[in-house]
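There's a structure below that I have some questions on.
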Amino acid sequence: MDHLLGIKGLTAEDINLIFNTADNFKEVINRPIKKVPSLRDITIANIFFENSTRTKLSFELAEKRLSADVVNFASSSSSVKKGETLIDTVNNILAMKVDMVVMRHPNPGAPHFLSKNVQAKVVNAGDGTHEHPTQALLDSFSIREKLGTVKGKKVVIVGDILHSRVAISNIYCLKLLGAEVMVCGPRTLIPKYAESLGIMVEYDLRKALEWCDVANMLRIQLERQDMAYFPSLREYTMQYGLDKALFESIGKAITVMHPGPVNRGVEISSDIADSANSIILQQVENGVAIRMAVLYLLAGKIKSLD
Amino acid sequence: MKTLISQAKIIDKRHAQNGQMVDILVHDGVIEKIAKNIDAEVDEKIRGDHLCVSIGWMDMRANFQDPGHEYKEGLSNGLVVAAKSGFTAVALSPDTKPVVDNKGAVEYLKNRAKGSGVDVFPIGAVSVDLKGKAMSEMYDMRQAGAVGFSDSKNPINESGLLHRALLYTANFNAPVLHFPYDDQLIPNGQMNEGPLSTSLGLKGIPTISEEMMVRRDLTLLEYTNGKLHLGPISSFKSLELAQEAKSENLKVTTETTVAHLAFSENELADFDTNFKLLPPLRSEKNRSKLIKALAEGKIDVISSDHNPEDEEHKKLEFDLAEFGMAGMELFLPLVLKAAGGSIKLDELISKFSIAPREILGIAVPTIAEGEKANLTVFQANAEFDSTNFMSKGFNIPEISKGLKGKVVKTIYSN
């Protein structure tokens, strides 16, 4: 692969290569000296047209641990819309001899568009409601770490599937690795054609939990919704919130995930988020290792071109 | 000036010699003689393999972005493009800047077309400034030469406005052209709703957003007994609804675009904004049902829906790019590729020569001695030349090589 635009386009072999590389980097970041010189001559620009704290921090840490030079650019999409085009913005940054671009953008397909129009490796750090490949990779990597394998596991993704890039990328990734996937949420937040992605749809959280090995509880992102898809957070939590009482009544140990940041008391209660079944913080740690692996493998492509 | 069209097959379903090979002699813009063989001294001789001649074609939906955005096409260049594409008449959409919602704007378009070899038939706006509120002076525009009324791609959401427009225009026998699209159901839709939009994360426009509006429009039509033209239609179900209304003798006609017959949403899999259209390209299954509907006579008109855009409005992130395609020059090759095998050539040609004129109340030219020449000469089997586009539009889609369909010449002076 020349870019990481999405999970779509990757093969299971690609993903396993990323995982095996990430295994090594995870070991690296747990050493007293957490840095390796792999990307010493590479400059990476993190271009974020949409707010992000965690993903940006995670990428930046990954880049620094690989000894890359890092520059950051943040802009609201509206200012770009009014003036400079995306291609111009990125080309201006590339003119300062940048090798790779990590981009978050509010419009689906923006990194694909960019990759065809600029000379740089592009890593998609989330494009609107389309894909968020590194999140999906770190999620599957975390399942593999916790349960030994992804293959054959039953994973339910709960919440706003309609507006979720995390859901789409996770679905592709989990299915490539042989997991069974279900989505669960209010009917207003499930795409009408969800089943065409080769997954099951369930509207009852209890039934979904009874079925699954892993529950990935998505963050309710009110800022991504352009209208009211449910009447109140209170009512959402009543139907789709995971709390201790519900969890214990299922009678089995489900692995609980969350892409963060957690709305405590909305998608999951604090006692679940902090329980031994939760791998939320492992996801964050693995995020750095996965992003190091992706950047390292893509940078290898740059060198081979030289 | 004498021109001889040598050994061309007449393609005109109303013509007594339809399907026959003839020579046609045109003298100073008038058809002087039609015969099996004409021996005459001429200034210009048009000949070629498998030559066809039909009445000059008419494009019922195009926008040359003039006035307002002349750099995207402009009227003068647009008319050159039209003639090159085989059209001797075009109906121009009113969504220019300023909007064609008054007599002056209609006259501007009519006058500018003189001497170009292509007649312009302006479509006036139903509502002032296309705002969907107050009716524009449609009677005055009709007197000035507007042939129909439409709010173009701005759907008339307010039922009362369409109701009044259908009643009001019936007085001077001009159809209301309505684009049936409920844009409130799922606002800001970007492409057809389906498995592909789900996997691309793009907001979908379901076919019911069209079908619901078609139902409403037909209900209003029945109530008002007006004259309604629905288009562009993208869903085959809309055509069935309209067909049912036709069988109840309602005055409704339907139109789809060449792009909707030739392409499906699959073109969007890589976010190609040249295929971002309104109404959106639908599924491949729907496309084949459109072709079937065309063969069954359920589609009255095929238009180009030529909408030239510049690079700045198309080479963008998908959500930000404008809708539309600058496909007029691809009209013949695409229409032949999509439907050439499913419908007889004379029937097919009538969808963009006879039908639009009949719907808009324009005299249909005839191929007869003594008549003013209004002809399109073409070769259905010759290879399309994809190297020489005249349109300024950036949004001409890339097409596969080896498409058939070549316009040789249009013969018409105005």
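Taking the criterion of being of a type outside the set (A, V, I, L, M, F, W, C) and either without any contact (Cβ under 8 Å) to a residue 40 or more places away in the chain or within 25 Å of B:Lys372 (Cα to Cα) (or both), would at least one residue in the stretch B:144-153 satisfy it?
yes
Output yes when any residue across the stretch B:183-190 is surrounded by 16 or more Cβ atoms within 10 Å (Cβ to Cβ) and more than 14 Å from every other protein chain (Cβ to nearest Cβ), and no when none is.
no
Now for a separate question. Looking at the stretch B:8-37, which of its residues are without any contact (Cβ under 8 Å) to a residue 60 or more places away in the chain and surrounded by 17 or more Cβ atoms within 10 Å (Cβ to Cβ)?
Once the filter is applied, which keeps residues that are without any contact (Cβ under 8 Å) to a residue 60 or more places away in the chain and surrounded by 17 or more Cβ atoms within 10 Å (Cβ to Cβ), the stretch B:8-37 yields B:Lys9, B:Val22, B:Asp23, B:Leu25.
To keep it simple, each residue is scored yes or no on (1) in contact with a helix residue (DSSP H, G or I) (Cβ under 6 Å, 6 or more places away or on another chain); (2) within 13 Å of another protein chain (Cβ to nearest Cβ); (3) under 22 Å from B:Thr253 (Cβ atoms).
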| residue | (1), (2), (3) |
| --- | --- |
| B:Glu265 | yes, yes, no |
| B:Asn274 | no, yes, no |
| B:Leu278 | no, no, yes |
| B:Leu290 | yes, no, yes |
| B:Ala295 | no, no, yes |
| B:Lys298 | yes, no, yes |
| B:Ser304 | yes, no, yes |
| B:Asn307 | no, no, yes |
| B:Lys314 | yes, yes, no |
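Looking at the structure I just gave you, is B:Thr219 open to solvent by 10 Å² or more (accessible area, probe 1.4 Å), out of contact with any Cys (no Cβ under 7 Å at 6 or more places or on another chain) and more than 18 Å from B:Ile302 (Cα to Cα)?
yes
Name the single residue, out of those in the stretch B:322-332 being buried (at least 22 other Cβ atoms within 10 Å of the Cβ) and in contact with an Asp or Glu (Cβ under 9 Å, 6 or more places away or on another chain), that is modelled with the lowest pLDDT.
Only one residue tops the list, namely B:Gly327.
Which strands (runs of 3 or more DSSP E) sit wholly inside the stretch A:87-205 and have at least 2 residues that are open to solvent by less than 20 Å² (accessible area, probe 1.4 Å) and in contact (Cβ under 8 Å) with a residue 12 or more places away in the chain?
So the answer is A:100-105, A:121-127, A:154-158, A:180-184.
Next up: Residues B:Ile156, B:Ile186: which one is out of contact with any Ser or Thr (no Cβ under 6 Å at 6 or more places or on another chain), assigned by TED's automatic domain parsing to the domain that holds B:Glu265 and at pLDDT below 95?
It is B:Ile186.
Can you give me the number of residues within the stretch B:333-349 that are out of contact with any Leu (no Cβ under 9 Å at 6 or more places or on another chain) and surrounded by 23 or more Cβ atoms within 10 Å (Cβ to Cβ)?
Qualifying residue count for the region: 1.
OK, next. Across the stretch A:190-224, what is the total count of residues that are out of contact with any helix residue (DSSP H, G or I) (no Cβ under 7 Å at 6 or more places or on another chain) and either within 11 Å of chain B (Cβ to nearest Cβ) or modelled with pLDDT under 95 (or both)?
So the answer is 8.
Let me ask something additional. Which helices (runs of 4 or more DSSP H) sit wholly inside the stretch A:222-306 and have at least 3 residues that are closer than 30 Å to A:Ile29 by Cα?
By residue number, A:270-273, A:280-305.
Continuing with the same structure: Enumerate the pairs (first residue in the stretch A:21-39 and open to solvent by 100 Å² or more (accessible area, probe 1.4 Å); second residue anywhere and assigned to a helix (DSSP H, G or I)) with beta-carbon separation below 7 Å, excluding pairs fewer than 6 apart on the same chain, so at least 6 apart or on different chains.
Close Cβ pairs satisfying both conditions: A:Lys35/A:Arg65.
May I ask you to verify whether B:Gly201 is closer than 26 Å to B:Glu240 by Cβ and either within 14 Å of chain A (Cβ to nearest Cβ) or surrounded by fewer than 23 Cβ atoms within 10 Å (Cβ to Cβ) (or both)? Give the derivation first.
On the way: closer than 26 Å to B:Glu240 by Cβ: no; either within 14 Å of chain A (Cβ to nearest Cβ) or surrounded by fewer than 23 Cβ atoms within 10 Å (Cβ to Cβ) (or both): yes.
Criteria not met by B:Gly201.
Can you name every residue in the stretch B:154-173 that is surrounded by fewer than 23 Cβ atoms within 10 Å (Cβ to Cβ) and in contact (Cβ under 8 Å) with a residue 40 or more places away in the chain?
Passing the criteria: B:Asn154, B:Pro155, B:Ser159, B:His163, B:Leu167, B:Ala170, B:Asn173.
Scan the stretch B:222-244 for residues that are open to solvent by 10 Å² or more (accessible area, probe 1.4 Å) and touching a helix residue (DSSP H, G or I) at 6+ places or on another chain (Cβ under 6 Å) and jot them down. Steps first, answer last, please.
Keep residues of the stretch B:222-244 that are open to solvent by 10 Å² or more (accessible area, probe 1.4 Å), which gives B:222-225, B:227, B:236-237, B:240-241, B:243-244.
The answer is B:Thr224, B:Phe236, B:Lys237, B:Leu241.
Of all residues in the stretch B:337-373, how many are of a type outside the set (Phe, Trp, Tyr) and within 14 Å of B:Ile11 (Cα to Cα)?
Going through the stretch B:337-373 one residue at a time, the tally reaches 16.
How many residues are outside any strand (DSSP E or B) and free of Cβ contacts under 8 Å to residues at least 60 places away in the same chain when one looks only at the stretch B:301-312? Please lay out each step first, then the result.
Of all residues in the stretch B:301-312, those outside any strand (DSSP E or B) come to B:304-305, B:307-312.
From the residues that got through so far, the ones that are free of Cβ contacts under 8 Å to residues at least 60 places away in the same chain too are B:312.
The number of residues fulfilling the criteria is 1.
The values are calculated or read from the model by the stated rules, or taken from the named source; none is laboratory data. Computed from a predicted structure; not experimentally measured. Glycine also receives a Cβ, built like all others from the backbone with ideal geometry; neighbour counts cover every protein chain displayed. Calculation scope for accessible area: heavy atoms of the full protein, side chains included, ligands and nucleic acids excluded. Shrake-Rupley method; radii C 1.70, N 1.55, O 1.52, S 1.80 Å.
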